[in-house]
Amino acid sequence: MDPDSESVPAAQEVDGSVMEGGGQILRVAAALSCITGAAVNISKVRAGRSSPGLRPQHLSGLQLVSDLCGGVLQGANIGSTDVRLTPGKIRSGSYTADTQTAGSVCLLLQVALPCALFTDASSQFCLKGGTNAEMAPQIDYTLKVFKPVLEKFGVHFDCDIRMRGYYPKGGGEVSVTVNPLKQLQPVTMIERGNITKIHGRAHVAGVLPYKLAKDMSAAAVRTIRKEIKDLYINIQALQEKDKACGSGNGIIIIAESSTGCLFAGSALGKKDKVGIEAAEMLLRNIRHNGCVDEFLQDQLIIFMAAAKGTSRIRTGAVTLHTQTAIHVAEQLTEAKFTITKCEDELSSSVTFIIECQGSGVDNLNL
């Protein structure tokens, strides 16, 4: 640290090795640091991973947040396991972040979006990397599941896919506009209702044949039909011609419920079982009577923590990612979470209610 560090306010200490021990701790901590204005020291970054420390994707996410709040980053280089972010004032503007790999643009958005809500005007982001990457939400999920559910909190953003980018080349690009808000509204999602609609897209790009998209779609429909007999299922098969970099294939299937809950199953790549895998993931996520799928759970925690009032969301089994996000959110804000197990008379499955007394962050820039 520099010799003048006497004058620097004490930072919150965040242990990057706890629980899930991955990049998510970094994203939640950096975004909350930016929103609350409190410095954070994150140690043992991604200690739970086979290659610990910052990867290009995490580094570009941190730099993006630091740019947004005119912050000072220390220890921000590839492989670093200790990072400090001292935030300044959040500013709207136009920002670019490029992982220069197939690192996920959706994870870049995950860290920047909460920060951009607390600026004085709308912000534009140009995010480059992988749009459909393993171990991260696909851009289709961000648009079709994450975005509509976030609107319940009062969040509005637009996202335009300029180019899809697949592993290992990346080369994808999305442009996102985020509108600020005065305060996040609390959300209650505890009644799932019935599944009313299932739809999706199976896509191929580059040298891969259109027949593969049709086969993925057909395999997914067959798998869902074994369990859900009476719903119309529409999974479009698409060949991405000019808006894709490199060759890749993937599928996303979305289920909607009568109360506006959204669930998804998705899969990418090389395996011929891609359609079946996505369908099984979707079915697994609608068997329990929860209102969100296993992937949305942890992504909503930061918004519940910052909202003013009490949010209540019914989920299936609470994931380690979600528990980790709650741990960091409670550490860095005044939010208080409780998780209650519910026995359901209607089905054998157990659900949980995640309840949060939000910290009620005010946008002082508006």
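Measuring between their Cα centroids, the range 318-366 and the range 33-82 lie 24 Å from each other. Averaging Cα coordinates gives a centre for the range 152-182 and one for the range 90-115; these two points are 9 Å apart.
Taken over the chain, the convex hull of the Cα atoms encloses 124 Å³ per residue.
Taking only protein heavy atoms into account and a 1.4 Å probe, give the accessible area per residue of the range 195-288 in Å². Please list the in-between numbers first.
Values: 4490 Å² over 94 residues.
Roughly 48 Å² per residue, with all protein chains present.
Applying both filters, DSSP loop and at most 16 other Cβ atoms within 10 Å, to the trypsin sites (Lys or Arg not before Pro) of the range 259-334 gives Lys270, Lys271, Lys273, Lys308. For the range 309-325, 3J(HN,Hα) computed residue by residue from phi via the Karplus equation (6.51, -1.76, 1.60; θ = phi - 60°) reads x, 9, 9, 9, 10, 8, 10, x, 3, 7, 7, 5, 4, 5, 4, 5, 4 Hz, glycine and proline entered as x.
Debye calculation, C-alpha points only, no solvent: report log10 I(q)/I(0) for the range 268-366 at q = 0.14, 0.23, 0.24 Å⁻¹, in the same order as the q values. Cα-only, vacuum Debye calculation for the range 268-366: -0.61, -1.12, -1.18.
Tally up the carbon and sulfur contribution to the accessible surface of the chain as a whole percent, 1.4 Å probe, everything protein left in place.
Numbers: 7800 of 15330 Å².
C and S atoms contribute 51 percent here.
Restricting the trypsin sites (Lys or Arg not before Pro) of the range 157-248 to loop positions (DSSP other than H, G, I, E, B) with no more than 11 neighbouring Cβ atoms within 10 Å leaves Lys229, Lys241. Relative contact order, whole percent, for the chain stands at 14, derived from Cα pairs under 8 Å and 6 or more residues apart. Its residue count N fixes a reference of 2.2 N^0.38 Å for the range 179-270, and the Cα radius of gyration divided by that reference is 1.36.
Suppose every K and R has +1 on its Cβ and every D and E has -1 on its Cβ; what is the size of the dipole of the range 195-288 about the Cα centre, in Debye to the nearest 20? Please list the in-between numbers first.
Details: 15 positive and 9 negative charges, 34 e Å.
Rounded to the nearest 20 debye, it is 160 debye.
Solvent-accessible surface of the range 1-102, averaged per residue with a 1.4 angstrom probe and all protein chains in place: 43 square angstrom.
From the gyration tensor of the Cα coordinates in the range 41-165, what semi-axes in whole Å does the equivalent ellipsoid have, largest first, with each one equal to sqrt(5λ)? Before the final figure, lay out the partial values.
On the way: eigenvalues 106, 74, 33 Å².
For the range 41-165, the ellipsoid semi-axes come out as 23, 19, 13 Å.
To the nearest ten degrees, helix 210-227 and the longest principal axis of the Cα atoms of the chain are 80 degrees apart.
The values are calculated or read from the model by the stated rules, or taken from the named source; none is laboratory data. The model shown is predicted, which means the values in this text are computed figures rather than measured ones. Cβ: placed from backbone, ideal geometry, glycine included. Neighbour counts: every protein chain shown. Only protein heavy atoms, including side chains, enter the accessible area calculation; ligands, DNA and RNA are left aside. Shrake-Rupley method; radii C 1.70, N 1.55, O 1.52, S 1.80 Å.
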